[in-house]
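Inspection log for the structure reproduced underneath, given as structure tokens.
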Amino acid sequence: MVGLKENDVGEWVRLCGLAEAPGVDEVREAEAVGRDGKGVPICLANVEGELSAIGNICPHRQGPLGAGWVEDGAVMCPWHAWAFDVTTGVVRAPEHGRVDVYPLKVEGEDVLVQIETALGGDFDSEG
């Protein structure tokens with residue numbers, strides 16, 4: 001998982017309904033909201049018929065990737081046409097940068113993504 005780091009705890013949250021997902025070679029902006037109420041901006045992409053979820057904010061100038069398009073199998077930033085691989089989150093050369101990639105699954109009519117969960121509250125270490 002690129003979006004989660006080792007030892008992070010993830011939770012599966014509903015991103016949208018399957019009917020709301022983008023068509024083939026289209027993208028859309030979405031927000032995954034965890035139990036803590038914090039939203040994670042997501043670019044939901046349908047590249048060659050396969051849904052993927054990547055971070056929605058381009059590292060170059062913070063452009064909204066979900067407002068871009070798909071070209072040659074990559075999500076294109078609408079502001080400066082940086083091309084992001086949806087499997088790795090890495091921008092294509094000659095640029096340098098990366099966005100998070102989030103695990104995605106379809107359950108019934110729901111599109112779910114796994115996001116990091118903030119562990120909070122008091123923990124009793126003695127039992």
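In the stretch 1-29, the qualifying residues are those that are farther than 19 Å from Gly108 by Cα and in a strand (DSSP E or B), and the one that is modelled with the lowest pLDDT is Val9.
Just checking: which of the strands (runs of 3 or more DSSP E) contained wholly in the stretch 69-117 hold 1 or more residues that are among the aromatic types (Phe, Trp, Tyr) and surrounded by 18 or more Cβ atoms within 10 Å (Cβ to Cβ)? Here the list reads 83-85. Testing Leu18 on (1) in contact (Cβ under 8 Å) with a residue 60 or more places away in the chain; (2) within 17 Å of Glu116 (Cα to Cα), one condition comes back false. Which one is that? Of the numbered conditions (1) in contact (Cβ under 8 Å) with a residue 60 or more places away in the chain; (2) within 17 Å of Glu116 (Cα to Cα), the odd one out for Leu18 is (2).
What number of residues within the stretch 6-59 are within 16 Å of Ala74 (Cα to Cα) and either in contact with a helix residue (DSSP H, G or I) (Cβ under 7 Å, 6 or more places away or on another chain) or of a type outside the set (Ser, Thr, Tyr) (or both)?
At the first step, the residues of the stretch 6-59 found to be within 16 Å of Ala74 (Cα to Cα) are 22-29, 42-59.
Narrowing further to those that are either in contact with a helix residue (DSSP H, G or I) (Cβ under 7 Å, 6 or more places away or on another chain) or of a type outside the set (Ser, Thr, Tyr) (or both): 22-29, 42-51, 53-59.
Qualifying residue count, the stretch 6-59: 25.
The values are calculated or read from the model by the stated rules, or taken from the named source; none is laboratory data. Just so you know, these numbers come straight off a predicted model, no measurement behind them. Cβ: placed from backbone, ideal geometry, glycine included. Neighbour counts: every protein chain shown.
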